[in-house]
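Report on the structure given below.
Please treat every number below as a calculation from the coordinates, not as lab data. Computed from a prediction, not measured in an experiment: that's the story for all the values here.
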Amino acid sequence: MWITLFLLFPLAIIGYLLHWGLTIWAIIRVFSNPDQPFRYPLIFRII
């Protein structure tokens, strides 16, 4: 059980930081170039 917790918490922290880091990076990238049209991700085109 301790090995699971020992591996779970660092992976959760890395995943959390990666998630928010990529989200903020994508928002900044979209707003920094307003002349380029926004392309929706493929999953939103399918739905």
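Values for this structure:
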| item | result |
| --- | --- |
| Ellipsoid semi-axes in whole angstrom, largest first, where each is sqrt(5λ) of the Cα gyration tensor of region 2-46 | 33, 14, 4 |
| Net lengthening on full extension, His19/Leu42 (0.36 nm per residue, minus Cα-Cα) | 6.4 nm |
